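Please treat every number below as a calculation from the coordinates, not as lab data. This structure is a prediction, so every number in the text was calculated from the model and none was measured. Cβ atoms come from the backbone with ideal geometry, glycine included; neighbour counts cover every protein chain shown.
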Amino acid sequence: MNTFQELGLNEDLLKAITDLGFETPSEVQDKAIPVLLEKESDLVALAQTGTGKTAAFGFPMLQKIDVDSRTTQGLILSPTRELCLQITNELKLYGKYCKGLNVVAIYGGASITDQAKQVKRGAQIIVATPGRMKDMISRKLVDISKIQYSVLDEADEMLNMGFYEDITDILSHTPEDKSTWLFSATMPKEVSSIAKKFMYDPIEITVGNKNESTSNVSHEYYLVNARDRYQALKRLADANPDIFSVIFCRTKRDTQKVAENLIEDGYSAGALHGDLSQNQRDLVMKSFRNKQIQMLVATDVAARGIDVDDITHVINYQLPDEIETYTHRSGRTGRAGKTGVSMVIVSKSEVRKIKSIERIIKKQFEKKDIPSGMEICEVQLMSLANKIHNTEVSNEIDKYLDSINELFEDTDKDELIKKFFSVEFSRFFNYYQKSKDLAVSDSRDSDGGRDYGKSSDDTRYFINVGRKDGYDWMKLKDFLKEVLELGRDDVFKVDVKDSFSFFNTEKALQEKVLTFFTDYKHDGRFVNVEVSENRGRSGGGRRDKGRGRSDRRSSGGGRRRDDKPRSERRSRRSGDSDRNDRKRSDSPKPRRSKSASDRPRRSRR
Ligand code: ADP
Ligand code: MG
């Protein structure tokens, strides 16, 4: 790997790179920058999201343009407004020592006159979305007849979005002898045909395998009855208390509806789709970046510009129509060296699509069951316990300590703990205790398939190591197999949470496992394994999928407000939510699809 100096970049750019804290070029930068600097050639580069493509075309373009001229020399087309702004900002950072540089963003939903004014001041580089660009060309507000470099960024996505005509039209106003650089995460037919049409003998660069999804991402699917989709989503969220996720829906309407339901149910969620005003979209993105929103529900198109590094989960509420799109979705997580999980909620009729996706991404999905209510309670409880354990003590309460101590004079520690947790947890338990099992068997024969045999013969364990200790499910499984000297399939249903995890073995192995982990130390700390109270849905009994509606009602409707569970995330703004609760439960008609008064609640902190 070269250093940035060795790539041939000039002092102004190197200084900016130092300021940005980039230490070494990424693979796509390493491959693209030297050739783009040296040659006047076309280029096709295939690289996943998050691999640093902006700098791969940005640095060479900045170095090659003449900042002393006011002529527009570079044009970058990108699919969405968000992405367009992101690229513009990055280029401004990269070029901050290039005196006289003017980079202008052109996109829909903002004043065209303002944008035209900025262009008129002399923009050497224009970053644009195709629609607005075409508009500005036809109104003669821009002149791209002298550009030397054009970039098609996220070309696959632009074509997905139906920009083929616009791109063709725009490029027809550019000189024949310019260089065109095309960047794409995937290479569907349409992209190769556009490459053929607009490019002359392009240099090809591929980073990683074509169409292969990021290796830091593990893929899981959850089979549910189609009508349980929303319930399933909530359970996935509840089973992952620290979730920070993008939830993908197929249509704007579903996106809006799911987000609204989540918000109503007390989750910190927001919607991102094309029917929102720019202003609304900006606000949602801002809250998401600040982590005020934990669950961003989005359409594929709107989510295209999201550049947020620490997304823990991508949830496919519905599978995309195009399998290619799945790669984009799952690439939202597992960025910047972190691990991530891409979850898919599928109904039986869609489950075969999983196979096609596996072929394309060249990775296996793990089939998992939607967590049972009791499992969720355990996760939430342990997560709360961990949080309390790790909380820094505030000395503000010292002055009340005497009187509190007096109150608890006769309460021993165990009892105190129980009381404390009961305050937080009774409602949650009550809610989930009565909830049904959402798991659906994969095969016709409910014992078969990848369900790991008869579940009543399993033991589910709790283990006090998790993601924080560097484990994902594969690593934990390997670790357990190794230390316990077990076979390939002896450990299953491994479920890794932040600071603890669960796994199953057959009951016959229970004694061996528990004996081994008495007093076992790993990396200097005790690794503790206990039998988990719930058995990973195994005891709950799988429901006959033929029966439906009436069961569902009975699990939901008509519970009193008091039964409403709430998680540890109970809002500081509980005043607000209580007001909402009241409004809802006073409403004369119960909601058709879900009863408002009995959902577990989570709120923003
Ligand atoms: P892509 O367009 O391939 O999805 P971006 O160009 O948006 O990726 O880059 C993703 C992130 O990585 C950005 O925040 C960018 O500033 C950062 N980045 C790019 N190149 C480097 C590098 N060489 N070293 C460190 N960070 C980088
Ligand atoms: Mg990009």
Relative contact order of the range 253-347, defined on C-alpha pairs under 8 angstrom at six or more residues apart (%): 23 percent
Anisotropy class of the range 476-537 from Cα gyration tensor, a/c 1.5 cut: rounded
Two-site FRET efficiency, Phe408 against Arg488, from Cβ-Cβ distance with R₀ of 56 Å, rounded to 0.05: 0.65
Global form of the range 1-52, assessed from the alpha-carbon gyration tensor, a/c cut-off 1.5: oblate
Least to most buried among Ser218, Ser426, Ser347 (fewest other Cβ within 10 Å first): Ser426, Ser347, Ser218
Estimated FRET transfer efficiency (Ala116, Lys96; beta-carbon r; R0 22 Å; 0.05): 0.30
Förster radius 30 Å - calculated FRET efficiency between Ser69 and Glu6 (Cβ-Cβ, nearest 0.05): 0.55
Difference of contour (0.36 nm per residue) and Cα-Cα distance, Lys140 to Phe420: 93.9 nm
Nearby lysines by direct alpha-carbon distance to Lys286 (threshold 25 angstrom, same-chain neighbours under 8 apart not counted): Lys53, Lys92, Lys96, Lys234, Lys252, Lys257, Lys338
Loop sites in the range 136-213: chymotrypsin sites (Phe, Trp or Tyr not before Pro), DSSP, at most 12 other Cβ within 10 Å: Tyr200
Relative contact order [Cα under 8 Å, 6+ residues apart], the range 142-291, whole percent: 16 percent
Gain upon complete extension [Glu396, Ser193; 0.36 nm per residue less C-alpha separation]: 66.3 nm
Sequence of Val44, Val314, Val127 once ranked by neighbouring C-beta atoms within 10 Å, starting from the fewest: Val44, Val314, Val127
Set of aspartates and glutamates near Lys368 by C-alpha distance (under 14 Å), chain-local residues within fewer than 8 positions excluded: Glu220, Asp437, Asp442, Asp451, Asp495
Burial order of peptide ranges 106-112, 151-157 (average beta-carbon count within 10 Å, highest first): 151-157, 106-112
Cα shape, the range 286-422, gyration tensor, a/c 1.5 rule: prolate
Area projected by the alpha carbon convex hull of the range 1-108, averaged over all directions, nm²: 6.9 nm²
Low-density loop cleavage sites - trypsin sites (Lys or Arg not before Pro) in the range 110-193, where at most 12 other Cβ are within 10 Å (DSSP): Arg121, Arg139, Lys140, Lys146
